[in-house]
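K.L.:
First, the structure itself, so that you have it in front of you.
The values are calculated or read from the model by the stated rules, or taken from the named source; none is laboratory data. Remember, predicted model here, so these are calculated numbers, not experimental data. With ideal geometry, Cβ positions are generated from the backbone for all residues, glycine too; neighbour counts draw on all protein chains shown. Quick note on the areas: whole protein, heavy atoms, side chains included, nothing else; ligands and nucleic acids left out. Shrake-Rupley method; radii C 1.70, N 1.55, O 1.52, S 1.80 Å.
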Amino acid sequence: MGLAQANLPGTEIAVDSPARKGWVMYTVQPGDTLSQIARRYRVDARAIMYSSGLEGVAIRPGQVLRIPLVEEANDEARLPPGVRTYIVRRGDTVQSVANRFDLTVLGLVSANPGLPSLDRLEVGSTLYIPTGEPGLLVRLKQGETIQDLASRFGLSVTELAKANDLNSPTDVQAGDLVLLPGVQAKTTYGRLLQIREAERKAREEEERRLAEERRQREEARRKQLEEQRRLEQQARARQQQQVQSQPRLRRANAVVAAAGYRWPMSSFTITTYFGRRGVFQRFHTGIDLAAPAGTPIYAARAGQVETAGWSRFGYGLHVILDHGGAQETLYGHMSRIAVRPGQWVARGELIGYVGSTGWSTGPHLHFEVRVGGAARNPMAFLP
């Protein structure tokens with residue numbers, strides 16, 4: 001911050017010795033906040049609080065604040081005469097930049113020993129390019145001198161001064177860049193090569209992992225297709241077998257008693273039969289087979305699953321099998337369904353489990369046989 005800040009309204013300068021250190025005595029104006037004042041003078045609000053003895057950020061008009069003066073640092077570092085800057089562009093690499101300026105990679109690394117990688121350059125970052133004698137480019141540390149650098153790297157002060165166009169050791173200060181002629185950053189270059197090799201191995205390992213994942217997905221997809229083809233072949237075989245074994249009907253709505261049917265459960269009690277259950281009760285379109293919840297239910301005859309899901313008509317979870325020849329069987333009030341629509345099932349194959357879903361007063365299976373869409377007495381079809 002320059003001393004010109006002292007000319008702002010409500011301020012006066014109080015300078016201690018030495019002259020570079022001082023404070024602005026600022027009188028708080030209506031509408032001022034501590035953060036606004038801190039930004040105006042480019043200082044940390046905490047520094048104002050400490051200098052002014054404030055316990056919090058609250059301030060009031062008329063209050064006098066003690067704002068410490070901060071001497072602005074000079075960010076322009078001195079460059080040696082044989083060094084220029086280059087701003088990294090999209091697509092640049094260490095090798096491409098070295099080639100562009102007729103340098104070796106080691107020469108470019110020596111001028112930029114802080115490079116994090118030989119393969120990654122941040123777009124917009126600055127590279128230092130030696131245009132004359134190559135060498136190691138270092139930044140002079142606080143308290144360090146040209147003589148210190150010459151001694152550390154085995155150079156004479158004369159050749160160091162010549163390479164950096166210095167007439168006096170005081171021509172450079174902390175933060176300036178100094179070129180060490182003939183010195184190469186071999187250790188840094190070796191470390192960057194190791195980083196490159198580690199990154200290469202990591203990339204190869206990642207590529208192998210991704211390739212293995214692709215292989216596993218393709219293998220799983222292949223097995224899934226094979227299983228699907230196998231199931232389709234079985235379904236076609238069952239369908240063909242069903243067509244070949246389907247008894248010919250003597251008339252359109254003829255019912256062939258016990259034509260390949262079996263009981264849908266192994267153990268049960270018949271609680272309700274087919275027909276009207278009383279003068280005022282509705283017609284019962286099947287038979288009810290009572291059994292404990294979870295008892296397995298099997299297909300009474302081979303067929304294709306036409307429906308498997310929730311019923312809008314009181315059957316709850318139910319399954320309807322299409323046996324061909326306009327014949328169907330219905331299994332109602334299940335607790336769980338074990339088949340899906342479109343699936344072919346064999347006679348005696350598991351299709352679900354006894355439950356009490358829908359319009360039901362207890363666990364049982366409601367079993368129906370339909371011919372041409374009309375309910376028929378299941379007892380005429382069962383052995």
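K.L.:
Only sites in a loop by DSSP and with at most 15 other Cβ atoms within 10 Å count here; which chymotrypsin sites (Phe, Trp or Tyr not before Pro) in the range 268-309 make the cut?
P.N.:
When the chymotrypsin sites (Phe, Trp or Tyr not before Pro) of the range 268-309 are filtered for loop state and at most 15 Cβ neighbours within 10 Å, TYR273, PHE280 remain.
K.L.:
What does the charge count near THR329 come to, summing +1 for each Lys or Arg and -1 for each Asp or Glu among other residues with Cβ under 14 Å from its Cβ?
P.N.:
The answer is 0.
K.L.:
Carbon and sulfur atoms: what percent of the 1.4 Å accessible area of the chain do they account for?
P.N.:
Summing carbon and sulfur atoms, their accessible area is 50 percent of the total for the chain.
K.L.:
Right, here's the next one. Can you compute the FRET efficiency between TRP310 and ARG203 using 1/(1 + (r/R0)^6), with r the Cβ-Cβ distance and R0 = 56 Å? Round to the nearest 0.05.
P.N.:
According to the calculation, E is roughly 0.60.
K.L.:
Placing +1 at every Lys and Arg Cβ and -1 at every Asp and Glu Cβ, with all other atoms neutral, what dipole size does the chain have around its Cα centre, in debye to the nearest 20?
P.N.:
The dipole of the chain has a size of about 3060 debye.
K.L.:
Once you place label points 7 Å from the Cα toward the Cβ at VAL57 and MET25, how far apart are they in nm?
P.N.:
In this crude spin-label approximation the distance works out to 2.8 nm.
K.L.:
Pairs of lysines 8 or more apart, or on different chains, with alpha carbons under 27 Å: count those in the chain, would you?
P.N.:
Value for the chain: 5.
K.L.:
Could you do me a favour and compute the accessible area per residue for the chain, 1.4 Å probe, result in Å²?
P.N.:
I get 60 Å² per residue for the chain.
K.L.:
Let me ask another. Where does the charge balance sit around VAL97 when Lys and Arg score +1, Asp and Glu -1, over other residues with C-beta under 15 Å from its C-beta?
P.N.:
Cβ neighbours under 15 Å give a net charge of +1.
K.L.:
To continue, here is another question. Take GLU213 and THR85, extend 7 Å from each Cα along the Cα→Cβ direction, and tell me the distance between the two endpoints in nm.
P.N.:
Placing both labels 7 Å along Cα→Cβ, they lie 4.2 nm apart.
K.L.:
Describe numerically, in nm with one decimal, the distance between label points set 7 Å from Cα along Cα→Cβ at ARG191 and at ASP148.
P.N.:
Computed distance between label sites ARG191 and ASP148 equals 1.9 nm.
K.L.:
To the nearest 0.05, how large is the calculated FRET efficiency for ARG277 and ARG236 if R₀ is 45 Å and r is the Cβ-Cβ distance?
P.N.:
0.60
K.L.:
Tell me the net charge near SER356. Cut-off is 15 Å between Cβ atoms, SER356 excluded, with +1 for each Lys or Arg and -1 for each Asp or Glu.
P.N.:
0
K.L.:
Report the semi-axes of the equivalent ellipsoid for the range 83-224 in whole Å, largest first, where each axis is √(5λ) for an eigenvalue λ of the Cα gyration tensor.
P.N.:
With the √(5λ) rule applied to the range 83-224, the semi-axes are 44, 15, 12 Å.
K.L.:
Helix-only estimate, please: 222 nm mean residue ellipticity of the chain, summing -39500 (n - 2.57) across DSSP H runs of length 4 or more and dividing by its residues, to the nearest 500.
P.N.:
That comes out to -9000 deg cm²/dmol.
K.L.:
Follow-up question, since we're still on this one. Using the Kirkwood formula over every pair of different C-alpha atoms, what hydrodynamic radius in Å results for the range 281-350?
P.N.:
12.7 Å is the Kirkwood radius here.
K.L.:
For the chain, take N as its residue count and report Rg(C-alpha) divided by 2.2 N^0.38 Å.
P.N.:
2.19
K.L.:
Given R₀ = 35 Å, FRET efficiency for ASN377-ARG229 by Cβ-Cβ distance, to 0.05?
P.N.:
0.30
K.L.:
Hey, another quick one. Please provide three numbers in whole Å: the alpha-carbon extents of the range 43-127 along the principal axes, with the largest listed first.
P.N.:
Projected onto the principal axes, the Cα atoms of the range 43-127 cover 65, 27, 18 Å.
K.L.:
Something else about it: Which of the listed residues, ALA308, ALA211, ALA58, is farthest toward the dipole's positive end in the chain, when Lys, Arg count +1 and Asp, Glu count -1 at the beta-carbon?
P.N.:
ALA308
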